[in-house]
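Chemist: I'd like to ask some things about the structure below.
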């Protein structure tokens, strides 16, 4: 007896019963969550990356940024995302393994006393900035809050990888309701493509006025130099996306404790860098930024990207 496959059942009946609204709804209810799961994964990675600001969590943010660049500017997107996802699974596994291993007392002692000398910790980047810190075992909530992020990232990465193996989920079916929905969706995308350049330029100018800095000046020069040339404006997205990605990574790195000690060496606010939660009217930088402040700190570059 052949094994019943719900996915094949939905695909087959959606094609055969072309005028069936019920199977069209079943098609969307089953396959859209599969296709949309990657968005949930990206949000999970961003939340983990902003929960604690260190280099291991920066890796999760970097994964999302690279994936967004692939989605926006690459041809044959899904095949390249599938290849990239092998790296994502590997990174999530290694990150979880490192964060879990350092919670053992003997590994933490070996790391601090032998592998990573104390003068490196004081002079260069610290273990805290890397993310390899042992939490207080007496506080169960602290341990859970530290490990829940890497665990969720690992689970989501494997779930998404299994979704990538379902190639037929992307096939366009002949059901009239499915075809109409796809047609309206493509029309909406086309309308957005016609006007997105104008909205993007308006947003950039608002961004520049709100935050006066050298980075804003760089954005301004970039936009103004391309505005007179409509054909060049259409090719603005790729270099602007790369630029905003680099700026976003630099802003994240600036939140590390290494730069907290050196934040008065240069007028970083003029450059365009400041500690999240810090304002021009309040020059005292906070010890750590909340999740909301971290989202706000990355929000403008994420919107540009």
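Chemist: Among the residues of the range 41-61, are any out of contact with any helix residue (DSSP H, G or I) (no Cβ under 9 Å at 6 or more places or on another chain), at pLDDT below 85 and not assigned by TED's automatic domain parsing to the domain that holds residue 241?
Modeler: no
Yes or no, residue by residue, for (1) at pLDDT 75 or above; (2) surrounded by 11 or more Cβ atoms within 10 Å (Cβ to Cβ):
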residue	(1), (2)
143	no, yes
150	yes, yes
155	yes, yes
159	yes, yes
165	no, no
170	no, no
177	no, yes
182	no, yes
185	no, no
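Chemist: Given the criterion surrounded by 15 or more Cβ atoms within 10 Å (Cβ to Cβ) and under 15 Å from residue 155 (Cα atoms), identify the matching residue among 87, 96. Break it down stepwise before answering.
Modeler: Working: 87 fails: surrounded by 15 or more Cβ atoms within 10 Å (Cβ to Cβ).
From the options 87, 96, the qualifying one is 96.
Chemist: Continuing with the same structure: Output the number of the condition that residue 25 fails; it satisfies all remaining conditions of (1) modelled with pLDDT of 70 or more; (2) buried (at least 17 other Cβ atoms within 10 Å of the Cβ); (3) not in a loop (DSSP other than H, G, I, E, B).
Modeler: (2)
The values are calculated or read from the model by the stated rules, or taken from the named source; none is laboratory data. These numbers come from a predicted model, not from an experiment. Backbone-built Cβ (ideal geometry, glycine too); neighbour counts: all protein chains shown.
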